[in-house]
């Protein structure tokens, strides 16, 4: 992925990793569109940044994704990079029957959202120079957190989908997987101050360093997440799951 001169769409750009990525890519000389459901958060991301633009998008609504895709291409015809970053994480007890509303929302936003948005924009991206799709998964795609079973499953599915997408788009669109560890954001209540999670600033700094490698890695994994990424190969999935169950 080239470092400047892109027009980049980042979903879930109103907070956390998405917000900081938007600002860092902007500062490298890129036009950035942040898209999400919460107007105030989107506009706060863009405030003071001349070339960050806020747009409304709810990836949970198929018709909304189609509407947004048409609008963003009309407003920003040079769009060549999409970061599928929007996601939600809910803790759940799966040992007894329960309301599946949260689980349904996680599947819809975390998995179907990226699939739908990619489908809506892939034909346009093929017409641009240096097109890129970045799917944001998680270290939990490789070692699930038991109390976040559905979230972990959606990220594992998105990892698998990304592999297939990369293979099918080989030679036409670069496909990158960004694999965060637990980062101090408000993905879950209180997480921004939780010990054992990677500070957001340190995470973004290392991620941007990895994006500057040429060629860009197919998987952007900071050192903090590598033990999870390699857990199956190293025979440590069970050990790490026990650790996460007690966190």
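Each reported figure results from applying straightforward, stated rules to the coordinates on display, with no laboratory input. Bear in mind the structure is a predicted one, so any value in this text is a computation, not a measurement. Here the Cβ positions follow ideal geometry from the backbone for every residue, glycine too, while neighbour counts run over all protein chains shown.
Points worth noting:
- From helices alone, the chain scores -12000 deg cm²/dmol at 222 nm; the rule is -39500 (n - 2.57) for each run of n ≥ 4 DSSP H residues, then divide by the residue total.
- Packing-based exposure ordering (other Cβ within 10 Å, fewest first) of 118, 154, 108: 108, 118, 154
- A protection proxy built from the mean count of other Cβ atoms within 10 Å ranks the segments 219-226, 7-14, 162-169, most packed first, as 7-14, 219-226, 162-169.
- Between 227, 189, 217, the Gaussian network model of the chain with springs among Cα atoms under 10 angstrom shows the greatest mean-square fluctuation at 189.
- Taking 4 °C and 1.567 mPa s as conditions, the range 1-49 diffuses translationally at an estimated 123 µm²/s according to Stokes-Einstein applied to its Kirkwood radius (Cα pairs).
- Angle between the chain longest axis and helix 200-211 axis [Cα atoms, degrees, rounded to 10]: 60 degrees
- Fraction of antiparallel bridges per DSSP, the range 8-156 only, in percent to nearest 5: 0 percent
- Computed from Cα atoms, the angle from the helix 16-27 axis to the main principal axis of the chain rounds to 30 degrees.
- Length-normalised contact order for the range 7-245 - Cα pairs under 8 Å, 6+ apart - percent: 17 percent
- The chain: angle of helix 113-125 to the longest principal axis, Cα-based, in degrees nearest 10: 30 degrees
- Extending 7 Å from the Cα toward the beta-carbon at both residue 233 and residue 50 defines two label points whose distance is 4.5 nm.
- Gyration tensor (alpha-carbon) shape descriptor, the range 55-179, a/c threshold 1.5: oblate
- Whole-number percent relative contact order across the range 159-222, with pairs defined as alpha carbons under 8 Å at least 6 apart: 31 percent
- Amide N proximity, the range 1-15 versus residue 212 label position 7 Å along Cα-to-Cβ, cut-off under 16 Å: 1-5
- From the alpha carbon centroid of the range 113-172 to that of the range 182-226 is 18 Å.
- Two-site label geometry, residue 195 and residue 126: point separation in nm, points 7 Å out along Cα→Cβ: 5.3 nm
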